[in-house]
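In what follows, a structure is listed as structure tokens, so that the remarks can point back to it.
The values are calculated or read from the model by the stated rules, or taken from the named source; none is laboratory data. Predicted model, so just to flag it, every value in this text is computed and none were measured. Using ideal geometry, Cβ is built from the backbone for each residue, glycine included, and neighbour counts are taken over all protein chains shown.
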């Protein structure tokens, strides 16, 4: 038995849709023989420094029906010992995590910009309770600042309690504020405890 197997990327994308990119079915349907696609090869290793998996490109030789493909490995593995460049690989659409085709409007890229968020929301299971948008600090900053609205000033003043991550990372925990993210700088919202809906605190709101 080989030491490796292909990861079903559909399952990962379903669980982490805001942070794990998986090409749409329409993009994968555009793949033809002679192109390369990227797959995740999970493997077993006795090397304590080895990662759990390697992401590698495969050259497509044959596109069959029902989302099935045949190809050859287009990378030299760094850790997988029983797989080498040009070895045959059979795979399915569910295994593909990247293609040669543009997909700029994918959901991961849409929410790649960063925000400041407290650990209560990011790591401790609290729902978003208060968020506001200020002028971004840099190009990759969305300007959004997100809390559970249960934090004290002392808590938020401690930089160890605040993370600077993609909006997608926060949406993966709680996406109840998704419809607010296009609101302009100066916007602020608080969750109404009775209705569970967000209420605008902006001057125009």
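What the table shows:
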read-out	value
Filter result for residue 76 (out of contact with any helix residue (DSSP H, G or I) (no Cβ under 6 Å at 6 or more places or on another chain), under 25 Å from residue 13 (Cα atoms) and in the same structural domain as residue 13 (by TED's automatic domain parsing))	no
Hits in the stretch 126-149 - residues which are assigned to a loop (DSSP other than H, G, I, E, B) and surrounded by 14 or more Cβ atoms within 10 Å (Cβ to Cβ)	126, 127, 128, 129, 134, 136, 148, 149
Residue 123, sole failed condition from (1) surrounded by fewer than 18 Cβ atoms within 10 Å (Cβ to Cβ); (2) over 30 Å from residue 41 (Cα atoms); (3) within 21 Å of the chain's Cα centre (by Cα)	(2)
Residue ID - nearest to residue 12 (Cα to Cα), chosen from residues in the stretch 121-140 that are touching a helix residue (DSSP H, G or I) at 6+ places or on another chain (Cβ under 8 Å) and touching a residue at least 40 places away in the same chain (Cβ under 8 Å)	122
Count of the stretch 42-60 residues which are surrounded by 14 or more Cβ atoms within 10 Å (Cβ to Cβ) and within 24 Å of residue 100 (Cβ to Cβ)	8
Test: residue in the stretch 41-60 that is in a loop (DSSP other than H, G, I, E, B), touching a helix residue (DSSP H, G or I) at 6+ places or on another chain (Cβ under 9 Å) and either under 19 Å from residue 9 (Cβ atoms) or not assigned by TED's automatic domain parsing to the domain that holds residue 10 (or both)	no
Among (1) within 23 Å of the chain's Cα centre (by Cα); (2) modelled with pLDDT of 95 or more; (3) over 26 Å from residue 14 (Cα atoms) - the single one residue 34 does not satisfy	(1)
Filtered residue count, the stretch 16-39, keeping only those that are in a strand (DSSP E or B) and closer than 26 Å to residue 113 by Cβ	1
Residue list for the stretch 173-187, restricted to those being in a loop (DSSP other than H, G, I, E, B) and closer than 14 Å to residue 107 by Cβ	175, 181
Test: residue 89 is under 18 Å from the mean Cα position of the chain (by Cα), in contact (Cβ under 8 Å) with a residue 40 or more places away in the chain and part of a strand (DSSP E or B)	no
So residue 14, is it loosely packed, with under 14 Cβ neighbours inside 10 Å and within 17 Å of the chain's Cα centre (by Cα)	yes
